[in-house]
Structure formats: C-alpha cells, structure tokens
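Presented below is the structure to which this report refers.
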Amino acid sequence: MSHAAIASLLLEQPPNHSLRQAFYTDPAIYEREMERIFLKSWHYAGHISRIPNKGDYFLYELDFESVIIVNAGDGRINALINVCRHRGSRICAEPCGNERLLVCPYHGWTYELSGVLRGAGHTGGDFDKSKYGLKQAHARVFHGMIFINFDREPIAFDLIAADMDEPLRPYRLAEAKIAHRQNYPIAANWKLAVENYCECYHCVPSHPEYSIAHGRAIPNEVMKPALKEIMDRAESCGLTRIFVTKEWKASGAVGVDRAYDRYVLYKGHVTGSRDGRPVAPLLGDIRGYDGGTTDMHIGPFTFFLAYCDHIVVYRFTPRDVDHCDCEITWLVRGDAEEGKDYKVEDLIWLWDVTTIADKRIIENNATGVKSRFYEPGPYTKMEDFARRFIDYYLDAMK
Ligand code: FES
Ligand code: FE
C-alpha cells in the first residue's frame, strides 16, 4: 500500500468506530506502525530480578528486533542490539543466560558487556574496533522494571517517572520477585489485543471469573460511595490517593501515556483471587487491604493490575501483522516463599483463566475482521478507553 493510499485510508476512517480492515491486515500499515509507534515508545522489557549478577542477560524481542538486556556489572543495565557488527548474525541465541563476554557464534567477534568490540580476528592493523561496537537501545530502570526505547532521541522517560513515581512507591517493586511468568501467543493483529484489554464491555459475557472478583458489573450508585470509602481507607493502608490520567496523546509525545486509577473490588474481595482472599503477603509498605485495586499503564503496551498482595504485569508485543504476544508477569513481595507464603496456582488463577478467554475472543475477532463483509462498527460508552486508544493510534499514524 502506497503512502497516498494510507493517507486516504486515514481520511476515510469513520470516527468512534473500530478500524477499517486494512489497519488490521496490511503489511505496509504494520511497517508504518513500527516506525511511528513501536520504535518510538517505551517498552517494558522485564523485571530487574531476572539479571541480578554481572553478565546475566535476557533477550527482549519485538517483530524482527532482538535486544540483549544485560547487567554490565558497573551498575548499568545495557540494551544491546543483538546483531553482530561484522555481517549481522544474532549473537545470543538463548533467551537468557550469563556471559563474561558476548561472542558471535559465526566468526567469533567478541564484545564486552558494554557493547564495545574487544576482539575481531584477522582484521588487520588499521582496523578501528571503536567504530564497531554493538548498537544500543535506551534502557531505563524504573521501580525495578526495565524499560527500553529504540529511538535515537526518545521522548524523556522522566515525563512518565514524574507522575508515576509516587503512586508506585508503596509497592516497592524494585524489591519484588517474579512468582510466575507466562506468554500467551495470540494469532491476531496487536491492536485487536490492546483494544480488547482496554475495554470491559466484553467482561460480563466473556469473563465470569473476573466479573465476580472485580465487580465491573456493580451499578454506579453502589460504586461511587464504595470508591469514596476505599479512597479514605487507601491512605491508612499506605497507598496514595493520587490519580494519574495522562494517556493516549500521540502528538509530540508518542508512547509516554501513563495512568494510575484505583477502583472498587467486589464486596468481600480484597484481591484478585478465586475466593477474594489474599494469595500472597502484602507488598512493600502496604499495611492493609482497602478493598480496592489499581489499573495502571506505562506506554501503549504495558498494563498493570496492582493488588495489595501482588501485581500482574501485562505486556503486548507485536510479532508480525497477524500475530502478537501477551506476556504476563506475576510479582510478589521479594521475601515471599513459594509453597509457604503463596501458591503459584492460586496466585495466577484469575488472570490465567481470563487471558485464555481473551486469547479466544481476540483470535475470533481477528478472523471476523478479515471477512469481505466486515466494516467498522461503533464503540459503545463502555468502550471509551479502547476508542481513545484508537484515536491515539490514528493520530500517531497521520
Ligand atoms: Fe558475527 Fe561474523 S557475523 S563474527
Ligand atoms: Fe478480557
């Protein structure tokens, strides 16, 4: 599809409607998304506890890109592009490990953990190694979460940090540990997965388990006084009363969207679990259960459900125009012991069952939008956040 065709597609997109078919299926559109959105946004790569020692690394992969997230041992976390500067081979093939030096398996070029080229055999005396260091993405560790950005001059992460630092502080996420991590591959364009995450119109028909715990079906007249009650209680539990809603503004600031929104859980539920009872010890400095929970997001691809006893980190990553990944990380208090303080099965139950259902409905949606008879349909009031995501998306694509 040509630039002119994309421009007219954008013009013809009806407002407040789901996207026209080509946005979900066309490889040229996907390419533009790469340039305009993915390569400019901050992405959650992983939790710092995955690489505690010098030389520890894991790979973060998006589309064809692969990044070595490595603990360089000098207090720095580097995000090295996993492409050898000789003839372009992948350097690290294993998804994680520990290396003293990074050695390309093809012809043996050897790089330091900083990315500097140390050894390149048979290159001659006038070969300037300093010109062939590994390329790097920007890396920023925020509350123990490693975020990366591919852009040469990325939008300042400080914009996100300034708003999100205080609400995140009580959770002490830098000291948390990963209780479980699981990838759910989804055979659908990435936007269908993000749109689905951003609306709860589907929750009652598709997620009976979630609807019970979260009470998204609670009528407003009950919800409002209950919210005031939990906000009054939140502070005594060590949580902030702050709300942050700086979201989905593409113009001039792609990928710095952020939000922190506390709301009421269903009566009798203090966390997101099968019976509503705690599934792990209280996190960080949190002193009690206020009956609420938090929805957060940082950038367009990373979403959090922060309960008082655990945090669920949702990360969406495009693979190609028809596939994406939804990786979930369950974080608990750093000193919690598996089997004694929490059981993985109980901890992950709600979001595992919910995500399996989401995968099914998203893939079903992906098949439907490929039909010759598909046309954009209207968003309802309950899909306002998804609509805002689409507005943001269209703005970024202009
Ligand atoms: Fe890496 Fe040749 S491609 S050493
Ligand atoms: Fe869902």
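Bear in mind that the values in this text are calculations on the coordinates, not laboratory data. The shown structure was predicted, so the numbers you read here are calculated from the model rather than taken from an experiment. As a convention, Cβ positions derive from the backbone with ideal geometry for all residues, glycine included, and neighbour counts pool all protein chains shown.
Observations, loosely collected:
- Charge dipole (debye, nearest 20) of the chain; +1 at Cβ of Lys and Arg, -1 at Cβ of Asp and Glu: 380 debye
- Equivalent-ellipsoid semi-axes for the range 98-207 (Cα gyration tensor, √(5λ), whole Å, largest first): 40, 20, 16.
- Karplus-based coupling profile of the range 356-367, in residue order and whole Hz: 4, 5, 4, 4, 5, 6, 5, 5, 5, 4, 4, 5, with θ = phi - 60° in 6.51 cos²θ - 1.76 cosθ + 1.60 and x standing for Gly or Pro.
- With neighbours defined as other Cβ atoms within 10 Å of a residue's Cβ, the residues MET164, MET34, MET223 order from fewest to most as MET223, MET34, MET164.
- As a rough guide to protection, the peptides 112-121, 373-382 ranked by mean Cβ packing within 10 Å, highest first, stand as 112-121, 373-382.
- Paramagnetic reach from VAL116 (point 7 Å along Cα→Cβ, amide N under 17 Å) across the range 51-72: 55, 71-72
- Potential lengthening between GLN182 and GLU235 on full extension [0.36 nm per residue; Cα-Cα distance subtracted]: 15.8 nm
- A simple spin-label model places the labels of LYS343 and GLU363 2.9 nm from each other, with each point 7 Å out along Cα-to-Cβ.
- Each of ARG76 and MET1 was given a label point 7 Å from its Cα along the Cα-to-Cβ line. The distance between the two points is 4.1 nm.
- Sorting 105-111, 318-324, 171-177 by average packing, meaning the other beta carbons within 10 Å per residue, from highest down gives 171-177, 318-324, 105-111.
- Nearest-0.05 FRET efficiency for SER89 and LYS228, computed from C-beta distance (R0 56 Å): 0.40
- Computed from phi, the 3J(HN,Hα) profile of the range 375-389 under the Karplus parametrisation 6.51, -1.76, 1.60 (θ = phi - 60°) reads 9, x, x, x, 7, 8, 4, 6, 10, 4, 5, 5, 5, 5, 4 Hz, with x in place of Gly and Pro.
- Segment ARG100-VAL141, length gained on full extension (0.36 nm per residue, minus Cα span): 12.6 nm
- Cα gyration tensor, the chain - rounded (a/c under 1.5), prolate or oblate: oblate
- Using all pairs of distinct alpha-carbon atoms, the Kirkwood hydrodynamic radius of the range 310-398 works out to 16.3 angstrom.
- Each peptide in 269-276, 300-307, 87-94, 13-20 was scored by the mean count of other Cβ atoms within 10 Å over its residues; highest first, the order is 300-307, 269-276, 13-20, 87-94.
- Per-residue HN-Hα couplings for the range 191-208 [Karplus 6.51, -1.76, 1.60; θ = phi - 60°; Hz; x = Gly/Pro]: 5, 5, 6, 5, 4, 4, 5, 7, 9, 10, 4, 7, 5, 5, x, 9, 10, x
- Extended-chain gain in nm, criterion 0.36 nm per residue less alpha-carbon gap, VAL204 and PHE243: 11.5 nm
- Given LYS267/LYS340; LYS40/LYS359; LYS177/LYS267; LYS224/LYS381, the pairs whose alpha carbons are separated by over 20 Å: LYS267/LYS340; LYS40/LYS359; LYS177/LYS267
- Anisotropy class assigned to the range 43-122 is oblate, per the alpha carbon gyration tensor with a/c at or over the 1.5 cut-off and a/b no larger than b/c.
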